[in-house]
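Below is one structure; the comments refer to it alone.
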Amino acid sequence: MGLFSEFAFIGSGSSSGGTGHASSIRPSIKKFEKKEEAQKKKRKVSPRLTAAQMRDVAYLRRRPNNRWIPPKSPHELLQEGHYHDPWRVLVICMLLNCTSGGQVRPILNDFFTLCPDAKTTTKVAQTEIAQLTHSLGFKNTRAEKIKLLSQSYLKEGWTHVTFLPGVGKYAADAYAIFCTGRWDRVVPEDHMLTRYWEFLRKGEWIME
């Protein structure tokens, strides 16, 4: 009823009747339905990990003896050059949230100059981080999350990266792919992460 009642209101100003009025409304209905479908796609809920998935071995804290080195790909994901520090991989994912690699890439070197590691970041003022990342949007929220992540990351108690603040499926999958080497236990949803995952899955890098 809600859909058609709106169009009844739109057409109420016309005094003409018959089939001409009905035919003039049909294109508008189709246009409205297409618009609604597009809005539904935009409102698609981000994928979430179940409680069991959050404890998967793919997301375990990386051990000191882990020797996994993710190969360079033609896709040149930002995470590829920072696999040596899992904290950096997680932060890159936070910077990429609600933005694009093209926006993050220009500020990344400056960011890691200001915040080279988790310990240093805990001592950097939140306002400085917000100022540096203002071009990405949500600067205060982003800066706050990076600070909280850094503080929690330095604690010895955590066992799975999925339980750190601000780490969702995207960041957790990136961690498994670039840091622990457990890429074969995850199926990423992010389009760029999926490209890299497919690159690994095809195994062409093994031949190089």
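The values are calculated or read from the model by the stated rules, or taken from the named source; none is laboratory data. Model, not experiment: these values are computed from the prediction. Positions of Cβ are backbone-derived with ideal geometry, glycine not excepted, and every protein chain shown enters the neighbour counts.
Listed here are the residues, each with its yes/no results for (1) in a helix (DSSP H, G or I); (2) farther than 24 Å from residue 196 by Cβ; (3) in contact with a strand residue (DSSP E or B) (Cβ under 9 Å, 6 or more places away or on another chain); (4) among the aliphatic types (A, V, I, L, M).
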position	(1), (2), (3), (4)
80	yes, no, no, no
99	no, no, no, no
105	yes, no, no, no
120	yes, yes, no, no
128	yes, yes, no, no
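Taking residue 52, is it assigned to a helix (DSSP H, G or I), modelled with pLDDT of 90 or more and hydrophobic (A, V, I, L, M, F, W, C)? It is true that residue 52 is assigned to a helix (DSSP H, G or I), modelled with pLDDT of 90 or more and hydrophobic (A, V, I, L, M, F, W, C). For segment 168-190, the tally of residues that are surrounded by fewer than 24 Cβ atoms within 10 Å (Cβ to Cβ), farther than 11 Å from residue 56 by Cβ and of a type in the set (A, V, I, L, M) stands at 1. Would you check which residues across segment 78-100 are small (Gly, Ala, Ser) and either crowded, with 16+ Cβ neighbours inside 10 Å or over 17 Å from the mean Cα position of the chain (by Cα) (or both) and list them? Scanning segment 78-100 gives a single hit, 81.
Do we find that residue 114 is surrounded by 18 or more Cβ atoms within 10 Å (Cβ to Cβ) and at pLDDT 95 or above in this structure?
no
Number of residues in segment 145-167 that are touching a residue at least 60 places away in the same chain (Cβ under 8 Å), exposed (fewer than 15 other Cβ atoms within 10 Å of the Cβ) and among the small types (Gly, Ala, Ser): the value is 0. Remark: pairs (first residue in segment 62-78, closer than 13 Å to residue 200 by Cβ; second residue β-branched (Val, Ile, Thr) and modelled with pLDDT of 95 or more; Cβ separation under 7 Å; 6+ apart in sequence or on different chains) = 68/180; 70/177.
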